[in-house]
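Peer 1: Below is a structure I'd like to ask you about.
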Amino acid sequence: MPTIDHVTFSFDRAALKPRILHIGFGAFARAHQLVYLNEALADGSDWGVIACRLNSGQDDLDALDRADHLYHVIEADDHGVTAREIGAVCATLHPKRDGIERLLDQIAQPDLSIISLTITEKGYTLRDGHLDLEHPGIAADLNDPTAPATAIGVIVAGLDWRRKAGHGGLTVMSCDNLPHNGALARTAIMEFARLRDLDLADWIAQEVSFPSTMIDRIVPALDSDALDLIETATGSRDENSIVAEPFRQWVIEDNFAAGRPAWEKAGAQIVPDVGPYEDMKLRMLNGAHSFLACLGVLAGYRTIADCMNDVTLKQAARQLMVDEQAPTLQPVEDMDLAQYADDLIARFGNSRLNHQTRQIATDTSAKLPQRLIAPAIQHLHQGEDCPLTYLGIAAWLRYVRVTVEAGLPLPDPLEAELRQIVQDADDGGDYVMAMLALGQVFSPDLADYPRFVRPLFAAYEALSQGDIGHAIAQTKE
Ligand code: CS2
């Protein structure tokens with residue numbers, strides 16, 4: 001039995017006001033933003049959170065209500081376990097349970113200062129850097145903006161209510177794994193607003209700020225092992241609680257239209273430009289994660305920790321980070337990237353986390369562009385090789401093919417298109433070229449570059465023929 005440290009909070013919950021609306025309140029938000037806020041509230045401020053989900057998740061919010069919004073974050077690794085009690089949630093909101101008007105009215109309340117988002121990459125409904133007007137949810141919300149269902153439609157409608165109520169603006173804070181996530185949120189919201197009402201769009205441009213943030217903590221989905229640990233740590237098999245790694249990092253652009261909690265008191269870094277931190281984390285951590293997830297599934301490894309027990313794969317992941325990702329990055333203050341890579345490898349090896357390769361492989365079509373394809377393009381333009389980056393991209397192509405052929409679920413926003421390609425294209429060159437034609441993932445002209453296509457195809461062939469050790473060995477030839 002591990003030693004368990006217990007950390008409770010001492011702020012007055014009754015004094016909290018609903019000042020942050022968090023859309024996409026799932027495992028990650030519980031274990032990341034809420035931990036920072038919980039600690040920052042020691043200063044006696046009144047920043048309470050309304051936990052909101054838009055689609056699934058109503059049962060989770062009901063369960064949180066029944067628990068008076070109290071839960072624990074269990075931070076665990078091979079050195080020990082800390083159970084933190086979290087009390088910063090003051091209400092929950094789900095439009096399907098409470099009605100869309102309640103949600104829009106909440107955004108219009110003068111106390112509300114921040115809408116924070118963990119809606120995943122696909123939640124921004126962007127394509128080629130613009131709002132995807134063909135996205136069925138966006139098309140429906142533009143058709144009837146008074147009953148929106150997408151995050152973007154909801155935020156614009158709520159801001160419309162707020163403007164009409166005569167209140168000032170607020171901050172929309174993206175906490176998703178996208179480069180320049182604040183600017184992307186702004187693009188999606190402004191383009192939607194312009195199509196609705198130009199006066200509203202002008203008001204948003206003047207009154208609403210969109211800081212970027214870099215967020216980091218490994219938080220696997222809750223499973224029975226996690227529930228066992230939660231029970232050991234808290235005495236209750238509480239499904240509101242969550243297990244995460246001890247490490248956490250949050251870098252926030254200082255750009256808030258209506259104030260913010262003093263997150264820096266809980267260790268957040270408040271900086272003028274988050275860009276270099278975002279790229280570093282997205283390419284080195286998330287890039288290596290997608291690389292390991294797709295290769296790991298192909299090798300039959302269930303978790304990232306299992307991947308770390310394969311010395312060849314572990315070395316390849318470190319080499320990807322140090323030799324191929326780090327050289328594409330701008331310098332980051334006080335960061336030694338080789339040390340960062342070593343720390344990531346140690347975090348990936350945390351045997352208390354059941355971080356499943358298939359969970360990370362979810363939605364890879366929306367993740368790969370910023371994690372592996374952008375760095376590959378950078379190397380291509382500089383005339384440099386990046387064989388492990390190609391192997392990671394090829395591993396996704398292979399993962400899609402074998403998953404579809406095995407009749408397994410393929411959770412991905414492009415699921416239908418991907419299944420169609422596997423069905424229509426013969427395996428090998430035809431298939432790789434058909435995948436390269438997916439405009440949402442690969443930039444349109446990439447297929448014209450033999451220096452991109454050849455190594456990608458060679459990596460795909462190697463993965464099709466042999467085991468992943470063989471494919472990794474081939475990258476060294
Ligand atoms: C992972 C991330 O599922 C994924 O795509 O790469 O959730 C990762 O665990 C976090 O970004 C770590 O901060």
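The values are calculated or read from the model by the stated rules, or taken from the named source; none is laboratory data. From a predicted model like this one, the values you see are computed outputs, not experimental measurements. Positions of Cβ are generated from backbone atoms using ideal geometry, with glycine treated the same way; all protein chains shown enter the neighbour counts.
Peer 1: Condition test on A193, is it more than 16 Å from the ligand (Cβ to nearest atom), closer than 23 Å to I373 by Cα and surrounded by 23 or more Cβ atoms within 10 Å (Cβ to Cβ)?
Peer 2: Criteria not met by A193.
Peer 1: Hey, could you check region 330-369 for residues that are in a loop (DSSP other than H, G, I, E, B) and within 9 Å of the ligand (Cβ to nearest atom) and say which is surrounded by the most Cβ atoms within 10 Å (Cβ to Cβ)?
Peer 2: H355
Yes/no matrix, rows are residues, columns are (1) surrounded by fewer than 19 Cβ atoms within 10 Å (Cβ to Cβ); (2) not β-branched (V, I, T):
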| site | (1), (2) |
| --- | --- |
| R162 | no, yes |
| L227 | yes, yes |
| I230 | no, no |
| A244 | no, yes |
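Peer 1: Under the condition of being more than 27 Å from A108 (Cβ to Cβ) and of a type in the set (G, A, S), which residue from region 45-79 is farthest from the ligand (Cβ to nearest atom)?
Peer 2: Going through the qualifying residues, I end up with A67.
Peer 1: Show the residue pairs that are 6+ apart or on different chains and have beta-carbon atoms under 6 Å apart, the first residue being within region 286-299 and over 21 Å from V404 (Cβ atoms), the second being near the ligand (Cβ under 7 Å from one of its atoms) and assigned to a helix (DSSP H, G or I).
Peer 2: H289/I360
Peer 1: When you go through L372, L414 one by one, which is the residue that is surrounded by 18 or more Cβ atoms within 10 Å (Cβ to Cβ) and within 22 Å of Q474 (Cβ to Cβ)? Full working, then the answer.
Peer 2: Values: L414 fails: within 22 Å of Q474 (Cβ to Cβ).
So the residue among L372, L414 that is surrounded by 18 or more Cβ atoms within 10 Å (Cβ to Cβ) and within 22 Å of Q474 (Cβ to Cβ) is L372.
Peer 1: Can you find a residue in region 271-278 that is away from the ligand (no atom under 16 Å from the Cβ) and in contact (Cβ under 8 Å) with a residue 24 or more places away in the chain?
Peer 2: yes
Peer 1: Hey, could you check region 218-267 for residues that are of a type in the set (S, T, N, Q) and closer than 25 Å to D43 by Cα and say which is farthest from the ligand (Cβ to nearest atom)?
Peer 2: If we take residues in region 218-267 being of a type in the set (S, T, N, Q) and closer than 25 Å to D43 by Cα, then N255 is farthest from the ligand (Cβ to nearest atom).
Peer 1: How many residues does region 196-217 hold that are within 16 Å of the ligand (Cβ to nearest atom) and under 18 Å from L126 (Cβ atoms)?
Peer 2: 2
Peer 1: Check V35, V73, V89, V49 and return the single one that is farther than 23 Å from T171 by Cβ and surrounded by 22 or more Cβ atoms within 10 Å (Cβ to Cβ).
Peer 2: One residue alone meets the criteria, V73.
Peer 1: Check region 293-304 and report whether any residue there is in the same structural domain as C386 (by TED's automatic domain parsing), surrounded by fewer than 17 Cβ atoms within 10 Å (Cβ to Cβ), within 16 Å of the ligand (Cβ to nearest atom) and of a type outside the set (F, W, Y).
Peer 2: The answer is yes, given that some residue of region 293-304 is in the same structural domain as C386 (by TED's automatic domain parsing), surrounded by fewer than 17 Cβ atoms within 10 Å (Cβ to Cβ), within 16 Å of the ligand (Cβ to nearest atom) and of a type outside the set (F, W, Y).
Peer 1: How many residues, within region 375-399, are within 16 Å of the ligand (Cβ to nearest atom) and without any contact (Cβ under 8 Å) to a residue 60 or more places away in the chain?
Peer 2: Total meeting the criteria: 0.
Peer 1: Any chance region 31-52 includes a residue that's more than 17 Å from the chain's Cα centre (by Cα) and among the polar types (S, T, N, Q)?
Peer 2: There is at least one residue in region 31-52 that is more than 17 Å from the chain's Cα centre (by Cα) and among the polar types (S, T, N, Q).
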